[in-house]
Amino acid sequence: MGNQVEKLTHLSYKEVPTADPTGVDRDDGPRIGVSYIFSNDDEDMEPQPYDPRLHEVECSVFYRDECIYQKSFSPGSAALSTYTPENLLNKCRPGDLVEFVSQAQYPHWAVYVGNFQVVHLHRLEVSNSFLTDASQGRRGRVVNDLYRYKPLSPSAVVRNALAHVGAKERELSWRNSESFAAWCRYGKREFKIGGELRIGKQPYRLQIQLSAQRSHTLEFQSLEDLIMEKRRNDQIGRTAVLQELATHLHPVEPDEGDSDATRTTPPPGRLPAPGREEEENRETVVH
């Protein structure tokens, strides 16, 4: 009787992680039971705020000499601010690209189609979901301005997304949620699996900002491969990326006049073999 009474925090069953270790939830049917979390704390712990500057990698993407994507943490920039799913709804318009982010997880992209709903590629299927459900508790933001391609009209973006609802597995032409959502908005074949021939010189460059004065560049033969690397960097986090670059990559001599930058190609085995990426199967959320 002298033992301290532990507080019970009562959660619905789906609020605790139940995913298969491979990332695929094998049991999609009804679940029975309630899970309890035991805690000695007298009050619920507040979740740590998500700060993109701590967890994400500042980077730019170039096709030859043209910048086609940029994520910048310049002072005063609010473009990467995140919001709760409920507050994000107030900022969305049909045709917008939405990105849900959380520490140590792949970012998840979706197309807002109106009526509080998004279309997104998740676990090898294109689905139409309520935005709050698609977020799975993650904070989100509108990311229309990350890619610098000319967008299609909002109505065309929505049509592209809705036309593929229900497509799954072998019917898919995209390796991840970002490629699907970006294709819906810009209509460029480069976002599709095998959309470009991987021959000749590597025309794409992922420039990772190490500091205000230093950067490191990775070279790729296709935008598809570059996106996969960029998303992997977001998943492992900024600190791990910087440590990896310092430890494992061996820079070649920089070009003349480019003394503050290093350049490499991805290490062998980094990118998956050509084919359908399994990344979406690993995009599970820990509540």
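Which of the residues that make up region 52-73 are open to solvent by less than 50 Å² (accessible area, probe 1.4 Å) and under 24 Å from ARG139 (Cα atoms)?
Scanning region 52-73 gives PRO52, HIS55, GLU56, VAL57, CYS59, SER60, TYR69, LYS71, SER72, PHE73.
Any residue at all in region 196-214 that is acidic (Asp, Glu), assigned to a loop (DSSP other than H, G, I, E, B) and over 17 Å from GLU99 (Cα atoms)? Write out each step before concluding.
To start, the set of residues in region 196-214 that are acidic (Asp, Glu) comprises 196.
Next, from what is left, pick out any that are assigned to a loop (DSSP other than H, G, I, E, B): 196.
From what is left, the residues that are over 17 Å from GLU99 (Cα atoms) are 196.
Yes, because at least one residue in region 196-214 is acidic (Asp, Glu), assigned to a loop (DSSP other than H, G, I, E, B) and over 17 Å from GLU99 (Cα atoms).
Checking SER74 against (1) in a helix (DSSP H, G or I); (2) hydroxyl-bearing (Ser, Thr, Tyr); (3) modelled with pLDDT under 95, which test does it fail?
Every listed condition holds for SER74 apart from (1).
Just to be sure, is ILE193 surrounded by 15 or more Cβ atoms within 10 Å (Cβ to Cβ) and assigned to a loop (DSSP other than H, G, I, E, B)?
Against the criterion (surrounded by 15 or more Cβ atoms within 10 Å (Cβ to Cβ) and assigned to a loop (DSSP other than H, G, I, E, B)), ILE193 qualifies.
Is there a residue being among the hydrophobic types (A, V, I, L, M, F, W, C), within 23 Å of LEU54 (Cβ to Cβ) and over 19 Å from the mean Cα position of the chain (by Cα) anywhere in region 207-215?
Within region 207-215, one or more residues are among the hydrophobic types (A, V, I, L, M, F, W, C), within 23 Å of LEU54 (Cβ to Cβ) and over 19 Å from the mean Cα position of the chain (by Cα).
Checking the conditions here, which among VAL118, VAL126 is buried (at least 17 other Cβ atoms within 10 Å of the Cβ), under 14 Å from GLU86 (Cα atoms) and β-branched (Val, Ile, Thr)?
Being buried (at least 17 other Cβ atoms within 10 Å of the Cβ), under 14 Å from GLU86 (Cα atoms) and β-branched (Val, Ile, Thr) holds for just one of VAL118, VAL126, which is VAL118.
Every residue in region 133-190 that is aromatic (Phe, Trp, Tyr), touching a strand residue (DSSP E or B) at 6+ places or on another chain (Cβ under 8 Å) and part of a helix (DSSP H, G or I), please.
The first filter runs over region 133-190 and keeps only residues aromatic (Phe, Trp, Tyr), leaving 147, 149, 174, 180, 183, 186.
Right, trim to touching a strand residue (DSSP E or B) at 6+ places or on another chain (Cβ under 8 Å) and you get 147, 149, 174, 180, 186.
Those that are aromatic (Phe, Trp, Tyr), touching a strand residue (DSSP E or B) at 6+ places or on another chain (Cβ under 8 Å) and part of a helix (DSSP H, G or I): PHE180, TYR186.
Any idea which residue in region 169-190 is nearest to GLY95 (Cα to Cα), counting only those that are modelled with pLDDT of 95 or more and open to solvent by 20 Å² or more (accessible area, probe 1.4 Å)?
Step one: list which residues in region 169-190 are modelled with pLDDT of 95 or more, which gives 171-190.
Going one step further and asking which of them are open to solvent by 20 Å² or more (accessible area, probe 1.4 Å), we end up with 171, 173, 183, 185, 187-190.
On the way: GLU171: 23, SER173: 20, TRP183: 12, ARG185: 7, GLY187: 12, LYS188: 16, ARG189: 18, GLU190: 20 Å.
Restricting to residues being modelled with pLDDT of 95 or more and open to solvent by 20 Å² or more (accessible area, probe 1.4 Å), the top hit is ARG185.
Specify the residue that is surrounded by the most Cβ atoms within 10 Å (Cβ to Cβ); the eligible residues are those in region 87-111 that are more than 16 Å from the chain's Cα centre (by Cα) and either touching a residue at least 24 places away in the same chain (Cβ under 8 Å) or part of a strand (DSSP E or B) (or both).
Looking at residues that are more than 16 Å from the chain's Cα centre (by Cα) and either touching a residue at least 24 places away in the same chain (Cβ under 8 Å) or part of a strand (DSSP E or B) (or both), I get GLY95.
The values are calculated or read from the model by the stated rules, or taken from the named source; none is laboratory data. Since we're looking at a predicted model, the values are computed, not measured. Note that we place each Cβ from the backbone using ideal geometry, even for glycine, and neighbour counts take in every protein chain shown. Quick note on the areas: whole protein, heavy atoms, side chains included, nothing else; ligands and nucleic acids left out. Shrake-Rupley method; radii C 1.70, N 1.55, O 1.52, S 1.80 Å.
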